[in-house]
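Asker: Got a structure for you, questions after.
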Amino acid sequence: GTTGKNSQTAVSDTFSGAKSSAGFVAGKTVYGSGSALTFSQEALLVGDNSLKVTNPVDGKGGVEVLFTSNTGSLYMVSFWAKTTKQAPSDSFVGVQDAANNKSPFKLNSEWKRYELGPFTTNKTASDNKVFIYNLPNETYIDEVKVKQLRDVSYVVKDTWVVPDECDRT
C-alpha cells in the first residue's frame, strides 16, 4: 500500500549552493501572480540556501513544482516552509495538484514540514505540476520533494517465508 514507503523520487531540490536542480530560477516571475524567486541564506541547515518567494503585489504569491509522471501512478509532495509575515487568521496557504486535489494549511514563522498526497496525476503520462499558492510575502521554501509511490512489490515465486512467531494458523 501507500504507507509501505516504497517510493521513487521524481523531484528533489534542497537549493544547496544557491542553485536549483528542479528548475526553479532566481529572478523568475511565477504562477501568474507576480511572485519573484530568489535564493536566500535563510535555510533549514546553517550555511545552506532556500528558495525565497516574494510577491510585492498582493501578498499572495506561489510557485509551481514541475515533474514528469507515469500514467496512473500515485505521488506525494513534501516541503519545508516558513514566513516572515503572518497571513490573516482566515487566510490559508494551499497545495494543489494537477487533478485539483487541494490541501490547505497555515504557515508560521518557524520551519515546518508540509505534505500532500497520495494523489494521482493526469490520465496521460506527461509533465505535471503541483502548485504551492497563496503564500504571504517573504516566504521561504526548502527541501521540495515529489515522490512516486509504488504499491506493488515484486517477489520471486515460492520464496516467501513466514517466521514461526508470526504464523498463528
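The values are calculated or read from the model by the stated rules, or taken from the named source; none is laboratory data. What you see is a predicted model; the values in this text were computed from it and never measured. Every residue, glycine among them, receives a Cβ derived from its backbone with ideal geometry; neighbour counts consider all protein chains shown. Ligands, DNA and RNA are stripped out before the accessible areas are found, and what is left, the full protein with its side chains, is counted by its heavy atoms. Shrake-Rupley method; radii C 1.70, N 1.55, O 1.52, S 1.80 Å.
Asker: With the checklist (1) out of contact with any helix residue (DSSP H, G or I) (no Cβ under 9 Å at 6 or more places or on another chain); (2) crowded, with 20+ Cβ neighbours inside 10 Å; (3) modelled with pLDDT of 75 or more in hand, flag the one item SER16 doesn't pass.
Answerer: (2)
Asker: Which condition breaks for TYR75 when tested against (1) modelled with pLDDT of 85 or more; (2) open to solvent by less than 60 Å² (accessible area, probe 1.4 Å); (3) touching a Lys or Arg at 6+ places or on another chain (Cβ under 7 Å)?
Answerer: TYR75 satisfies every listed condition except (1).
Asker: For the list (1) over 13 Å from PRO136 (Cα atoms); (2) at pLDDT 75 or above; (3) exposed (fewer than 14 other Cβ atoms within 10 Å of the Cβ), I need the number of the one condition that LYS106 fails.
Answerer: Just one mismatch for LYS106, condition (1).
Asker: Hey, can you tell me all the residues within the range 40-72 that are modelled with pLDDT under 85 and either of a type in the set (A, V, I, L, M, F, W, C) or part of a strand (DSSP E or B) (or both)?
Answerer: Answer for the range 40-72, where residues must be modelled with pLDDT under 85 and either of a type in the set (A, V, I, L, M, F, W, C) or part of a strand (DSSP E or B) (or both): VAL53, THR54, VAL57, GLY61, GLY62, VAL63, GLU64, VAL65, LEU66, PHE67, THR68.
Asker: Also, I was wondering about something else. Which of (1) assigned to a loop (DSSP other than H, G, I, E, B); (2) at pLDDT 70 or above; (3) open to solvent by less than 40 Å² (accessible area, probe 1.4 Å) does LYS157 not meet, given it meets every other one?
Answerer: All conditions pass for LYS157, except number (3).
Asker: Right, another one. Condition first: within 17 Å of GLY72 (Cα to Cα), open to solvent by less than 40 Å² (accessible area, probe 1.4 Å) and modelled with pLDDT under 85. Now tell me which residues in the range 127-147 satisfy that.
Answerer: Within the range 127-147, ASN128, VAL130 qualify.
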